[in-house]
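Heads up: the structure comes next, in structure tokens.
The values are calculated or read from the model by the stated rules, or taken from the named source; none is laboratory data. The structure displayed is predicted, hence computed values, not measured ones. Here the Cβ positions follow ideal geometry from the backbone for every residue, glycine too, while neighbour counts run over all protein chains shown.
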Amino acid sequence: MGEVYRDIGQVPVRLQAEENGVIVGICQGIIVSARRGKHIAVPYGPVVSNSNAIGPLLDELRHIARTEKCHFLRLSPFWPQQSYEADRLIKESGSRDAPLHLLGEHIWYLPLTDPDTWKSGTANDKRVSSDDLMASMRSTTRNLIRRAGKEGVTVSASNNPASDLEHFLKLHELTRKRHGFTPYTDTFFRAQLQRFSERGECSLYIARHQGEVLATSIHMRFGGETSYHHGASLESKIPASYLLQWTAINDAIKRDDHTYSFWGIAPVELNEEGKWRITHHGKNHPFAGVTLFKTGFSGSLLNLMHCRDIPLSPTYNLTRAIELMRKWKRGF
């Protein structure tokens, strides 16, 4: 991903911490020259096996940031909210909750093995079958998958993703206008697809109906996990996106993946009937529109620690004020 960001003009910074010759922490930051303030963003990092590595990694990030005349660090660790020790160390670094989130902080994922063996990491994990997953879905989701098939929707992984990406870009622009979100650039999508499809770690799925492309999506694969990164679709009564996701999930099962990640959703909670619903606070969340869609496939929730900023200059206060105002206007 660092090279993807380099392709769009943002410089990656890669660090590793060692203890007695053993790597105990890694970190990738991205130098971002944004109008709201130059900073180093750390997507889903740092990653450590020893909490002692956090301090040295942050010290080196501060040093690089000041050399590059950055005003702050923005960390979005892939740490559960319950990581009290890591949270304490980050707070002791002088960080504070960021006004905005950098990446998805409420991750919806589908374990593709028996949850008990999946957590223990045993060699003979019991695989979850397609029938088991279908039975565990919300009934509406199950019916829409079947309906898409009956109406003649076909889904395939592209054999020529570089060329077929144009289908995605066209639908993504229509989706952006429909939902009003701030998109990644076309250059970013092209760089991501090129970098990872060459390694066999990226797939572009296309759903068609009577020759017309109704939905497309980009999926990443690494370490036994398939992640749904980006999706786009036409506004249609034909539920092509449901069959597209179901096809990608079944492909992950065939590869013996242990996890299918839907990535970010809005904040959710269980209601009195044991069903997931968006919290009052999450109704204006940027992912509110896709939350019902993703959770309908069943799965589990992982809440991550909120994005944190480490100020490095007084200019950060202006950036923070602007972002707080933006957050207030948007309602989230």
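The condition (being touching a residue at least 12 places away in the same chain (Cβ under 8 Å), of a type in the set (D, E) and either in a helix (DSSP H, G or I) or surrounded by fewer than 17 Cβ atoms within 10 Å (Cβ to Cβ) (or both)) is satisfied by just one residue among E18, E60: E60.
When you go through H172, H179, H106 one by one, which is the residue that is under 20 Å from F262 (Cα atoms), modelled with pLDDT under 90 and not small (G, A, S)? Residue meeting the stated conditions: H179.
Is at least one residue of region 79-89 at pLDDT 95 or above, assigned to a helix (DSSP H, G or I) and of a type in the set (A, V, I, L, M)? Looking for residues that are at pLDDT 95 or above, assigned to a helix (DSSP H, G or I) and of a type in the set (A, V, I, L, M), one finds none in region 79-89, hence no. Here A207 qualifies as buried (at least 21 other Cβ atoms within 10 Å of the Cβ) and not β-branched (V, I, T).
Scanning region 176-203 for residues that are closer than 19 Å to F293 by Cβ and in contact with an Asp or Glu (Cβ under 7 Å, 6 or more places away or on another chain) turns up just one, R178. Please go through region 119-134 and give me each residue that is closer than 16 Å to R255 by Cα, at pLDDT below 80 and either out of contact with any His (no Cβ under 9 Å at 6 or more places or on another chain) or part of a helix (DSSP H, G or I) (or both), ordered by number. Correct list: A123, N124, K126.
Cβ separations smaller than 9 Å between residues 6+ apart or across chains give the following pairs from region 254-279 residues that are within 15 Å of S203 (Cβ to Cβ) to residues that are of a type in the set (D, E, K, R) and part of a strand (DSSP E or B): R255/R221; D257/R221; D257/E225; Y260/E225; S261/E225.
Filtering region 208-241 to residues that are among the hydroxyl-bearing types (S, T, Y) and over 19 Å from the mean Cα position of the chain (by Cα) leaves only S236.
Of all residues in region 296-321, those being under 16 Å from the mean Cα position of the chain (by Cα) and among the aliphatic types (A, V, I, L, M) number 4. Could you please find all residues in region 32-47 being surrounded by 16 or more Cβ atoms within 10 Å (Cβ to Cβ) and either over 18 Å from L103 (Cβ atoms) or in contact with a His (Cβ under 8 Å, 6 or more places away or on another chain) (or both)? Once the filter is applied, which keeps residues that are surrounded by 16 or more Cβ atoms within 10 Å (Cβ to Cβ) and either over 18 Å from L103 (Cβ atoms) or in contact with a His (Cβ under 8 Å, 6 or more places away or on another chain) (or both), region 32-47 yields V32, G37, K38, H39.
For the criterion of being at pLDDT below 90, among the β-branched types (V, I, T) and either within 22 Å of Q245 (Cβ to Cβ) or touching a Ser or Thr at 6+ places or on another chain (Cβ under 8 Å) (or both), V42 fails.
Tallying residues that are in contact with a His (Cβ under 8 Å, 6 or more places away or on another chain) and either touching a residue at least 24 places away in the same chain (Cβ under 8 Å) or aromatic (F, W, Y) (or both) within region 169-191 yields 3.
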